[in-house]
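The values are calculated or read from the model by the stated rules, or taken from the named source; none is laboratory data. On a predicted model such as this, the values are computed, not experimentally measured, just so you know. All Cβ positions, even for glycine, are placed from backbone atoms using ideal geometry, and neighbour counts span all protein chains on display. We work out accessible area using only protein heavy atoms, side chains counted, and drop any ligands, DNA or RNA first. Shrake-Rupley method; radii C 1.70, N 1.55, O 1.52, S 1.80 Å.
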Amino acid sequence: MGAEAIEGLLDEGRTFPPPQDFKRQALITGAEVYDEGNTDYEGFWAREAAELDWFREWDTILDWQPPHAKWFVGGTLNVAHNCLDRHVQAGHGEQVAYHWEGEPGDTRTITYQQLLQDVQRAANALKELGVGRGDRVAIYLPMVPELPTIMLACARIGAIHSVVFAGFSSAALRDRINDSECKVLVTADGAWRRGSVFPLKENADEALTETPSIAKVLVVRRTENEVSMDAERDVWWHDLVPDQTADCPPEHMDAEDLLYLLYTSGTTGKPKGIMHATGGYLTQVAFTHRYVFDLKPDTDVYWCAADIGWVTGHSYIVYGPLANRATSVLYEGTPNFPAEDRFWQIVEKYRVTQLYTAPTAIRAFMKWGDEHPAKHDLSSLRLLGTVGEPINPEAWMWYREHIGGERCPVVDTWWQTETGAIMISPLPGATTTKPGSATFPLPGISATIVDDRGQEVGVPGGGYLVLDRPWPSMLRGIWGDEQRFRDTYWSRFGEGIYFAGDGAKRDQDGYFWLLGRVDDVMNVSGHRISTTEVESALVSHPSVAEAAVVGRSDAQTGQAIAAFVTPRGDVEGDEALAKELRDHVAKMISPIAKPASLLFTHDLPKTRSGKIMRRLLKDIAEDKELGDTTTLADASVVDAIKGRYLDHSKSQP
Ligand code: WTA
């Protein structure tokens, strides 16, 4: 959402202290922890790191050579050991790690003991396929138990996983595989999508024609559709994994060894392979998961409803919860299949205690109607969380009332793929919340707001959100592109200052309010998509001469993609072409990147030096007063587009 759009929704007036019943049992109820985290942040994080099992203790807590940080230098550990073995060794093998709920309603209950065995078998299978320490493994799977299993198997043997969201196209999969030269791909025959089968293996096969680094493909059977198997290259999971021995000792990994890559959209067409390391990452995801969600491993049933294909799933479905010995729900499907009460049915069935989801989902629930949650017993819930985009106060209030029964604290958590873990969020037993505000940086974390010149902005005041101190789960780089790492995050405001790409403001009480992206990255339903990526997809179509894409505010999805397209030569820009282009974008990137509105125009507004003025297009798409047009080369272009855009948007449902 644009800064101005959010501004209109801000309401700083209402405050909600932690509910008394919640506070009585909360892990953290006072503010002292902030002092601990701020007076000596290195010591603070070292105490949190010591909660994990280390094979060798670190020599140095932090080695900070901006923009490169190393945490817990010299220490060795294994993430899978910390997520599984140590809990089983402590006598919790029978505890449920995941209540898995398939989209069609089939279920599996997986204990820590079983998961440990499955992970060791999968790890041995990976070894048999030639995977070793430091090798990259691409994972393109739906939300099935084999997904966390294979991630942990990689972690166990020191391989670096690169999970690609199953909704991505074969072209997107291909590019991600090639960028980091993955050796093995793990995929499935298909994925359930509202009762029909999405042909995952077929998509993967298309990508595999252009991925020379992939030697072997491991295929999970899920939807039982016909797939073609390459006898040399492809092997079924059920033929290879179950026969392996359930004994695979964990590798001793250096704290700074990479745990995974996760690709995310930046301001150019090429996604960035964000690098996450082992020791610092696990320390911060475990800490934040425990205290932001107030996790009680013996009694809670925690549910993060994200997809593991995004960072939220990595940190808060897999690594944080398992490190903390949580019992989690793992759900394969969508919120409205087979009906609009599916989430509430799941909450009731498993007696879910914490629910973590996205504002877009909440706004959809509001639209579908209060009667759906009202049909179900949601009294087990004791905490609600949100992530991924700014939450408007109305949605926050609705969530608190209709899902939380006014007894659950709501934690709005700000963070990014790059930060690895939650950075700005309430502590539910200690922080007085304001609907729509992520409140304060967590203990041990430092964030502030600066103006154009990098000067800190006072309170109250707004500008660019920056992180001015290293943190344990910070990205270690962009795979294969040191320069882009420096340019994107570290060059704008001075040495050691991380630029998040978000606008933010602080109110008179110092509360942080996130205002959305300030760069060319859109946030559609909590998914990051770059304008350039969609533009490149559009111009790769033979009928398109030029295209410009902007994110316009949308009440439902936060932002919606608006595309302005100039067809080639005498090509007719009609409905049929519009549909073809939207499908083309879905094929090149993902259905989530399809433009919501598409307008054909003979010209795009440009500066005299030929740069497309996206800002003006955004104003047009949002039907706003036009901003400064003095740098336009040809002012009549805007009027022409404006007239047509309005007609066009009227004809849109
Ligand atoms: C946005 C998702 C406002 C923000 C974990 C950020 C948010 C981008 C919030 C990262 C929030 C995430 N309030 N905005 N609570 N959480 N964002 O990498 O623009 O998929 O930069 O990580 O989402 O998206 P990513």
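Quick notes on this one:
- Separation of alpha-carbon centers, the stretch 532-606 and the stretch 24-86, rounded to whole Å: 46
- Heavy-atom accessible area per residue - the stretch 3-502, 1.4 Å, Å²: 34
- Globularity ratio of the stretch 419-505, using Cα Rg and 2.2 N^0.38 Å: 1.16
- Separation of alpha-carbon centers, the stretch 124-162 and the stretch 276-300, rounded to whole Å: 22
- The overall shape of the stretch 1-133 is oblate: from the C-alpha gyration tensor, with semi-axes ordered a ≥ b ≥ c, the ratio a/c is 1.5 or greater and a/b is no larger than b/c.
- Mean projection area, nm², convex hull over Cα of the chain: 27.9
- Among 247-256, 24-33, 309-318, the peptide with the highest mean count of other Cβ atoms within 10 Å heads the list, and the full ranking is 309-318, 247-256, 24-33.
- For the stretch 99-172, Kirkwood radius (reciprocal of mean inverse C-alpha pair distance, Å): 13.2
- The relative contact order of the stretch 525-651, computed from alpha carbon pairs under 8 Å that lie at least 6 residues apart in sequence, is 22 percent.
- Percentage relative contact order, the chain, counting C-alpha pairs under 8 Å, at least six apart: 14
- Of the solvent-accessible surface of the chain, computed with a 1.4 Å probe over protein heavy atoms with every protein chain present, carbon and sulfur atoms account for 48 percent.
- Antiparallel bridges, percent of DSSP beta bridges restricted to the chain (to nearest 5): 60
- The stretch 512-628 shape via C-alpha gyration tensor axes, a/c threshold 1.5: oblate
- Close amide H partners of Val411, meaning residues 5 or more places away or on another chain with modelled amide H under 5 Å apart, are Leu384, Gly385, Thr386.
- Average accessible area per residue (Å²) across the stretch 525-651 - probe 1.4 Å, nucleic acids and ligands excluded: 45
- The chain - mean residue ellipticity at 222 nm from DSSP helices (-39,500 (n - 2.57) per run, n ≥ 4, rounded to 500): -8000 deg cm²/dmol
- Amide H contacts under 5 Å for Gly333, placed H, 5+ residues apart: Glu103
- Filter on Lys594/Lys642; Lys618/Lys642; Lys127/Lys216; Lys70/Lys270; Lys183/Lys587 - keep pairs with C-alpha separation over 20 Å: Lys594/Lys642; Lys70/Lys270; Lys183/Lys587
- Gyration tensor (alpha-carbon) shape descriptor, the stretch 222-329, a/c threshold 1.5: prolate
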